[in-house]
Every structure is written in structure tokens, then in C-alpha cells.
Amino acid sequence: RTLQVLDDRISGCRACPRLVAWREEVATVKRASFREEDYWGRPVPGLGPADARIAVVGLAPAAHGGNRTGRVFTGDRSGDWIFAALWRAGLANQPTSTHRGDGLELTDVRVCAAVRCAPPDNAPTPAERDTCSPWLARELALLPRLRVVVVLGGFGWTALWPVLGRAGYPLPRPRPAFGHGVETTLVGPRGPLTLLGSYHVSQQNTFTGRLTEPMLDAVLTRATDLAGG
Ligand code: SF4
């Protein structure tokens, strides 16, 4: 299987009734400022090359961001933050991401989310997280050079453990608590894999100063150092 095949399969998933209803309702009602646009209204696949050594795992698409544009983190303020940071880190060819076809290309990084459909109030349920986790597992399995996972927020941090456990990584007990800059390395069947925690790039963190650009840059610099080592 290739990432393209996986992306196509993810895009057709309807496993979570609440999220299917919400993503499609948002795509029908739309936000007034995007009224002329055709919303994607489906699960949002990941973005980035199969030879990526770094994965960035977010929470879920935004209703009027990824759920509108059909590309992860594209078209909302969270995306403004993460793509600008990836560009500063040398992992993206441009600092902005407005729509599919805007010329954005990622190098050495695959960006995805723990849950692929936009949830009401940006809050998937634990059951929805678990239902979606096989997609994340398959995506990570299709990145043979993966060395580092940058996890944006505690939701993704929690989602990742069972995914890695099923992939054969021995999990630490107790699990390391999520925090910004927290780092832990697991050694599994495909060698070492380092998890790096970062506060999520959501507005509730970036507007309040809980997450600053230097803080995010430091995590991505650490990720590129680890990936290249
Ligand atoms: Fe499918 Fe994941 Fe969307 Fe649920 S959240 S419908 S599992 S893609």
C-alpha cells in the first residue's frame, strides 16, 4: 500500500456517525466569509512525503480549516502557525498554506492528525479517537524512515500510545505525562522512535502566549537534530 492509496481510503471513511454528520453540516451551512467555496466536508488525509523522518500529529481538522480546504491544517490560524514554523525549520518550501494547489511542499515531514474529521467544539470523544487510531497506525507504518513524532497537544499524545503499542514498541510504565518539550524514546522493531511533545498550535495557546514561536521552533529544531542523527 502507498500513502496515496491510504489517503484515498481515509477520505471515504464514515465510521463515526457524529463526526460524519458534523463535517457535512458544516460543509453545507458554511461560514459566511467562505460562502462561495466548495467545502471538502470529508476526512482530511495527511500531507508530506513517504520518506519523511519526522511526523507531526495534531488533534483534528478545524471545521472551516481542513474541513473546508481538504488539506490538513490548511486555511486556518493553527495552520498559519505550524506551516510557518515548518518553513523556518527548513521542512516546508513556503511559510503559508491557504488552499490545495497553493504550491506548498513539505520535505522530511509528514503532517497528520489523530482524528481525521472535524469535531464539534474541536473535541472528539475518546471513542472517536479510538475508532480513528487505525488510520494513524497505518500512516505511520507507511513511513519507513520515521525517527521522530512531534505530538501537538495532550489529545494526540494519548492517542499515540496504543498505536505504538500495536506496532510493537514496548511502552513505558507509567506513560510519560504530556508537556511542552517532553521527550521520550522508544526502541521498537524499526529502531528508535522519539516522541516530542509540544503545546498544540490552536488559538487558545497561540493567542494567550502559552505557545510562542520560539517554543515551537525549539521543538522542531530538536526534531530535525534527532532525525538527522
Ligand atoms: Fe473515519 Fe476517523 Fe472520520 Fe471517524 S474520525 S469517520 S474513523 S476518518
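Worth pointing out:
- Restricting attention to segment 1-50, the residues being closer than 22 Å to residue 138 by Cα and more than 16 Å from the ligand (Cβ to nearest atom) number 6.
- When segment 140-149 is filtered for residues that are surrounded by fewer than 24 Cβ atoms within 10 Å (Cβ to Cβ) and closer than 19 Å to residue 45 by Cβ, the ones remaining, listed by number, are 140, 141, 142, 143, 144, 146.
- Here residue 14 does not qualify as charged (D, E, K, R), modelled with pLDDT of 95 or more, outside any helix (DSSP H, G or I) and under 15 Å from the mean Cα position of the chain (by Cα).
- Apart from one condition, residue 43 fits all of (1) within 15 Å of residue 122 (Cα to Cα); (2) out of contact with any strand residue (DSSP E or B) (no Cβ under 9 Å at 6 or more places or on another chain); (3) assigned to a helix (DSSP H, G or I); the exception is (3).
- If you go through segment 53-81 and keep only what is under 19 Å from residue 226 (Cα atoms) and under 14 Å from the mean Cα position of the chain (by Cα), you end up with 54, 55, 56, 57.
- Selection status of residue 11, in contact with a Gly (Cβ under 7 Å, 6 or more places away or on another chain) and small (Gly, Ala, Ser): no
- The listed residue being over 16 Å from the mean Cα position of the chain (by Cα), small (Gly, Ala, Ser) and at negative phi, out of 167, 159: 167
- If the condition is being free of Cβ contacts under 8 Å to residues at least 12 places away in the same chain and in contact with a Ser or Thr (Cβ under 7 Å, 6 or more places away or on another chain), then segment 177-209 contributes only 185.
- Residues that are within 16 Å of the ligand (Cβ to nearest atom) number at least 2 in the following strands (runs of 3 or more DSSP E) confined to segment 102-218: 109-113.
- Inter-residue pairs, beta-carbon under 6 Å, first over 25 Å from residue 64 (Cβ atoms) and in segment 88-111, second in a loop (DSSP other than H, G, I, E, B) and of a type in the set (Gly, Ala, Ser), 6+ apart: 108/52
- Here residue 85 passes the criteria (1) in contact with a Lys or Arg (Cβ under 6 Å, 6 or more places away or on another chain); (2) surrounded by 18 or more Cβ atoms within 10 Å (Cβ to Cβ) except the one numbered (1).
- Among (1) out of contact with any Phe, Trp or Tyr (no Cβ under 7 Å at 6 or more places or on another chain); (2) within 15 Å of the ligand (Cβ to nearest atom); (3) touching a residue at least 24 places away in the same chain (Cβ under 8 Å) - the single one residue 58 does not satisfy: (1)
The values are calculated or read from the model by the stated rules, or taken from the named source; none is laboratory data. Worth saying up front: this structure is predicted, and the values here are computed from it rather than measured. Here Cβ is always computed from backbone atoms with ideal geometry, including for glycine, and neighbour counts include all displayed protein chains.
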